[in-house]
Amino acid sequence: MLQGKKILIGITGSIAAYKTILLIRQFIKANAEVKVVITPAAKEFVSPLVLAVLSKNKVVTTLAENDEWENHVMLGRWADVMIIAPLSCNTLAKMAVGICDNMLLATYLSATCPIVIAPAMDEDMWKHATTQRNLQSLKKDGVHIITVNKGELASGLIGEGRMAEPEAIYFYVVENFLRATIFHKKNILITAGGTHEALDPVRFLGNYSTGKMGFAIAEEMYLQGANVTIIAGQVQVATPYKGIKILAVKTADEMYDAVVKEFKHTDIAIMAAAVADYKPKQTAKEKIKKKENELTLQLIKNKDILAYLGSIKKKHQLLIGFALETQQEKLNALNKLKSKNADAIVLNSLKQKGAGFGLNTNKITILNKDGNTKDYSLKSKDAVAKDIVSFIRNIV
Ligand code: CTP
């Protein structure tokens, strides 16, 4: 995911340094290149050997070692982003006034990339006027601050001062500094999850959709630089990216209204939701009581959102539908593509092992307007999302 991205991680002397190991792991797992620079005090908290093994790079500790000069200017220029986590009160103060008495500080002062800091200290130090003043001056200098969490501190006290969790730091950095620009300024609308059609105040008609596929596509689109809005029905997933807009709806009618409202500003709409085809003709005001042996429900058709968008879409708008089939898959999907006037249909077959609701994998075929079909192998839903996004990239 982060192939070719260069991450420079600075570690200072704080007990939270052990957590930075997980941050390094996360960037390495995402295929980023990681280099680590530490202050002398950091060595007391985390072993340079561990950091070197995990980052797959030599750890930079001093300005000169064995008559060899470490080039802090080049290190600062090498990075796409520099993250200092944890940032101690001491290094924070030095950064604020430009003191440069170790390799980390020298690198900070010569870095040309965005700088992100995740401070960690005891609550009294955090709240001290000097610390707050130093933070303000770093902010003025353009440094991005990931504020501290509240919780148990090294002193045993409970309060503000814990370093943000590695996951939160990772997603903050990815979302703010490492997104691609392929879909920059494109507005993408994605429906995800299932709808619930109320029978009475305590019951509904629904389906097994969890929203995993829709959210995976939304995240991939977002990482490619798009503005993404999800119209989410009933879902069992969440996204770590704060910039993805999520509008929650319950019923097919609510989804229809939300989608129609957003569609005007949409460049690409991807309808991954499992919308209920029918809803109860009437929703009982009170709980339906158990009486007869048989109960007949009367259902009426819901509006078809995809078909409606197909009927109003403008030339510049791209419309991608999904089709879930259990028989004559390609033929049914092709019929849906034509009858709903979509530009492409992503076909899932419930017959395929490893494909379906709630699973982490999926196997798809994409059919486009020209009648071409492309079969993909069974993959994780994240990898499937990448395939769908690169397919879209080729037809926009
Ligand atoms: N869809 C929609 N609104 C509906 C029903 C479906 O927008 N009321 C969209 C789905 O989000 C999907 C596509 O239409 O993108 C196909 O959904 P699917 O359930 O496979 O097919 P249906 O059109 O409902 O037809 P059928 O149930 O007969 O297969």
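Rule-based calculations on the coordinates, nothing more; no lab input. Keep in mind that what you see is a predicted model, and the values were worked out from it rather than measured. For neighbour counting, all protein chains shown are included, and Cβ atoms are generated from backbone atoms with ideal geometry for every residue, glycine included.
The tail of the calculated P(r) for the range 187-395, taken as Cα-Cα distances beyond 27 Å, holds 29 percent of the pairs.
Of the chymotrypsin sites (Phe, Trp or Tyr not before Pro) in the range 172-218, which ones lie in a loop per DSSP and count no more than 14 other C-beta atoms within 10 Å?
Numbers: sites: Tyr172, Phe177, Phe183, Phe204, Tyr208, Phe215; in loops: Phe183, Tyr208.
Hits after loop and neighbour filter: Tyr208.
So for the range 314-396, averaging the separation of alpha carbon pairs under 8 Å that are six or more residues apart and normalising by length, what relative contact order in percent results? Walk me through the numbers on the way to the answer.
Values: 127 pairs, mean separation 18.7, N = 83.
Answer for the range 314-396 is 22 percent.
Remark: relative contact order (the range 161-255) = 32 percent; criterion is Cα-Cα distance under 8 angstrom and separation of 6 or more residues.
Of Val389, Tyr256, Ile190, whose Cα points farthest to the positive end of the dipole of the range 187-395 (charges on the beta-carbon: +1 Lys, Arg; -1 Asp, Glu; origin at the Cα centre)? So the residue furthest toward the plus end is Tyr256. Computed 3J(HN,Hα) for the range 135-144, one whole-Hz value per residue from the Karplus formula 6.51 cos²θ - 1.76 cosθ + 1.60 where θ = phi - 60°, is 4, 4, 6, 5, 4, 4, 6, x, 6, 8, glycine and proline marked x. Close amide H pairs (under 5 Å, H built 1.01 Å from N) link Ala273 with Thr191, Ala192, residues at least 5 positions away or on another chain.
Taking amide hydrogens as placed 1.01 Å from N in the peptide plane, the amide H of Ala248 sits under 5 Å from those of Ala232, each at least 5 positions away in sequence or on another chain. Taking a sphere under 10 Å around the Cβ of Gly243 and counting the other residues whose Cβ falls inside, with K and R at +1 and D and E at -1, yields a net charge of +2. Along the range 20-30 the Karplus relation, 6.51 cos²θ - 1.76 cosθ + 1.60 evaluated at θ = phi - 60°, assigns HN-Hα couplings of 5, 4, 5, 5, 4, 3, 5, 5, 5, 4, 8 Hz to successive residues, with x for each Gly and Pro.
Relative contact order for the range 6-177: 23 percent, from Cα pairs under 8 Å spaced at least 6 residues apart, divided by residue count. Helices in the chain, meaning DSSP H runs of at least 4 residues, each add -39500 (n - 2.57). Divided by all residues, the mean residue ellipticity at 222 nm is -10000 deg cm²/dmol. Histogrammed with a bin width of 20 Å, the alpha carbon distances of the chain distribute as 24, 41, 28, 6, 0 percent, first bin at zero. Once the Cα-Cα distance is subtracted from the 0.36 nm per residue extended length, the Ala154 to Leu331 segment shows a gain of 57.4 nm. For the range 6-177, the convex hull spanned by the alpha carbon atoms encloses 101 Å³ per residue. A simple rule links phi to the HN-Hα coupling: the Karplus curve 6.51 cos²θ - 1.76 cosθ + 1.60 with θ = phi - 60°, which for the range 207-215 gives 9, 8, 4, 10, x, 4, 5, x, 5 Hz, with x for Gly and Pro. Amide H contacts of Ile84: Gly10, Val116, Ile117, Ala118, each under 5 Å away and 5 or more positions distant or on a separate chain (H built 1.01 Å from N in the peptide plane; Pro and chain starts excluded).
Extension gain for the segment Lys245 to His128, taken as residue separation times 0.36 nm less the Cα-Cα distance, is 38.5 nm to one decimal. In a reduced charge model with +1 at each Lys and Arg Cβ and -1 at each Asp and Glu Cβ, the chain shows a dipole moment near 1480 debye about its Cα centre.
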